[in-house]
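All remarks here apply to the structure that follows.
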Amino acid sequence: MASVPLWLYTTAGCHLCARLEASLQALGADVTLTRVEIAFDAQLSERYATRIPVLASASGAEYSLADGEEALPGWLRAQGVKKSVEQGVDRTPPAGRDSGVEPQGHVMRHGRRFLR
């Protein structure tokens, strides 16, 4: 069974993003998750700043917690995501590897604080 690629639009310190990742883990979703830090891109910040966490599929479909946590399993199925059946696989997201860049201080954009 092939893992389905998904992108998680996030930012450093996002507790809702951690909650969404925990939900994916609890569901046993067989996904390859790429975390996209929105703070370093003005267009991504503009698009996702008030919506993160947002999951996106290769087809362009998006899910956010605003859609309701009960909608996540159905959204995942619609993207072709299956439950992982592998035993003994650690699905804990790697710590500190969200964007490959460590946050250092913050920057203000449009009256909002973004961690760097």
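Using a 1.4 angstrom probe on the protein heavy atoms only, line up T50, T34, T11 by accessible area, largest first.
On the way: T50 120, T34 60, T11 25 Å².
Sorted descending by solvent-accessible area, the residues read T50, T34, T11.
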Quiz prompt | Heavy atoms of L6: accessible area, 1.4 Å probe, square angstrom to 10 | solution = 0 Å²
Quiz item: What does the accessible area of V31 come to, in Å² to the nearest 10, when a probe of 1.4 Å is used?
Solution: 30 Å²
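The values are calculated or read from the model by the stated rules, or taken from the named source; none is laboratory data. Keep in mind that what you see is a predicted model, and the values were worked out from it rather than measured. Note: areas computed on protein heavy atoms with side chains; ligands, DNA, RNA excluded. Shrake-Rupley method; radii C 1.70, N 1.55, O 1.52, S 1.80 Å.
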